[in-house]
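First the structure, in the form of structure tokens, and then the observations on it.
Each value in this text was obtained by applying a stated rule to the coordinates, not by laboratory testing. Owing to the predicted nature of the structure, the values given are computational and were not obtained by experimental measurement. In this analysis, Cβ positions are derived from the backbone assuming ideal geometry, glycine residues included, and neighbour counts consider all displayed protein chains.
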Amino acid sequence: LSDRIRGFLRGLAPHMLRDVPFAVVMFAVYETLSRHGRAQGFVSGAIAGVTASAVTAPLDFLKTRAMTSVGRRSPLFQSVAAIWKTEGPSAFWRGSSHRIIYKMASSALFFAALEMYKRILRGVTLPSPIGRNQNARTLL
């Protein structure tokens with residue numbers, strides 16, 4: 001395998017271990033803020049993105065380290081222990097401020113667009129495969 005493919009495969013598991021918890025935290029925070037507060041869309045999305053990024057920052061660090069490491073790959077738990085011992089616990093949040101800012105902006109825009117499209121679709125009548133037309137509101 002080429003070095004590029006090896007690098008991709010090396011970071012795949014840490015990438016999934018980062019993205020699944022990120023999505024769970026982001027959507028849970030957004031739904032909680034949207035249901036119990038008045039902020040929807042942009043503001044709730046920004047808060048959700050910041051929260052999810054901060055929580056998953058160590059996983060993002062591990063993903064990046066796994067994808068950029070040269071040589072033999074260590075199991076994830078050995079990598080965590082070695083980094084903790086040699087670089088200290090703060091190493092797991094190294095570079096997280098850039099990701100947090102990026103995710104704050106992208107999550108705010110994502111949820112603002114989502115809410116806008118939900119409002120648009122509520123007034124659209126969709127053809128039904130069983131012959132009865134349904135308002136999109138019943139599907140959202």
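Of note:
- Once the Cα-Cα distance is subtracted from the 0.36 nm per residue extended length, the SER97 to TRP84 segment shows a gain of 2.7 nm.
- Straight-line reach from LYS103: taking Cα to Cα under 21 Å and skipping same-chain neighbours fewer than 8 places apart, the lysines in range are LYS63.
- Label-reachable residues, the range 26-64, where backbone N falls under 16 Å from a point 7 Å from LEU121's Cα toward its Cβ: 41
- Packing around the peptides 43-54, 90-101, taken as the average count of other Cβ atoms within 10 Å per residue, puts them in this order, highest first: 43-54, 90-101.
- Sites ASP3 and ALA105 - FRET efficiency at Förster radius 35 Å, r taken between beta-carbons, to 0.05: 0.60
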